[in-house]
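Read through the structure below, which is laid out as structure tokens, and then see the notes.
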Amino acid sequence: MLKGIPPVLSPELLKVLCEMGHGDRLVIADGNFPSESIGKDGIVIRCDGHFGCELLEAVLKVFPLDTYVDKPVSLMEVVPGDTVKTPIWDEYKKIIAKYDIRGGDAVQHIERFSFYDEAKKSYAVIASGETALYANIMLQKGVVIPE
């Protein structure tokens with residue numbers, strides 16, 4: 001065990017977060033996301049039993065968002081005609097605001113299939129057990145600045 005590291009960050013996930021460089025992207029995928037097929041050329045880390053907000057909170061404790069782009073966070077848009085509600089987006093924005101002064105302004109929405117295309121280029125996909133619909137979130141890593 002390590003002091004100050006959220007327990008949801010497994011050794012495998014910590015290794016991946018540490019390996020990532022500036023501009024690399026990470027997807028925290030909901031339980032319906034095709035994690036294994038999207039991430040087949042990259043890294044897929046299984047975090048079944050853990051949910052999107054808890055993973056986002058833990059990741060952002062150790063992972064800076066990119067300050068060289070306006071929108072380092074991407075959410076999958078709701079498909080036109082789908083009437084599903086997305087309250088998890090508000091929860092995500094609250095968490096982001098704790099770690100990035102841009103808060104919700106750091107977030108963009110990407111059309112579903114464009115999100116899949118971008119996710120295929122990500123460094124890693126975290127396959128969560130999140131049950132909320134449209135709870136997929138992609139983070140672009142920033143620079144770690146010495147304290």
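Summary of computed values
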{"quantity": "Condition check for Glu57: open to solvent by 60 Å² or more (accessible area, probe 1.4 Å) and either over 25 Å from Glu12 (Cα atoms) or touching a residue at least 12 places away in the same chain (Cβ under 8 Å) (or both)", "calculated": "no"}
{"quantity": "Condition met for Pro80 (open to solvent by 20 Å² or more (accessible area, probe 1.4 Å), in contact with a Gly (Cβ under 7 Å, 6 or more places away or on another chain) and not β-branched (Val, Ile, Thr))", "calculated": "no"}
{"quantity": "Residue that is least open to solvent (accessible area, probe 1.4 Å) [pool: residues in region 104-137 that are in a helix (DSSP H, G or I) and touching a residue at least 60 places away in the same chain (Cβ under 8 Å)]", "calculated": "Ala119"}
{"quantity": "Meets criteria (open to solvent by 40 Å² or more (accessible area, probe 1.4 Å), over 22 Å from Glu118 (Cβ atoms) and within 14 Å of the chain's Cα centre (by Cα)) for Lys93", "calculated": "no"}
{"quantity": "Scan of region 1-37 for residues that are of a type in the set (A, V, I, L, M), within 15 Å of the chain's Cα centre (by Cα) and within 17 Å of Val144 (Cα to Cα), ordered by number", "calculated": "Leu14, Val16, Leu17, Met20, Leu26"}
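The values are calculated or read from the model by the stated rules, or taken from the named source; none is laboratory data. Here the structure is a predicted model, which is why all the values come from computation and not from measurement. Positions of Cβ are generated from backbone atoms using ideal geometry, with glycine treated the same way; all protein chains shown enter the neighbour counts. Ligands, DNA and RNA are stripped out before the accessible areas are found, and what is left, the full protein with its side chains, is counted by its heavy atoms. Shrake-Rupley method; radii C 1.70, N 1.55, O 1.52, S 1.80 Å.
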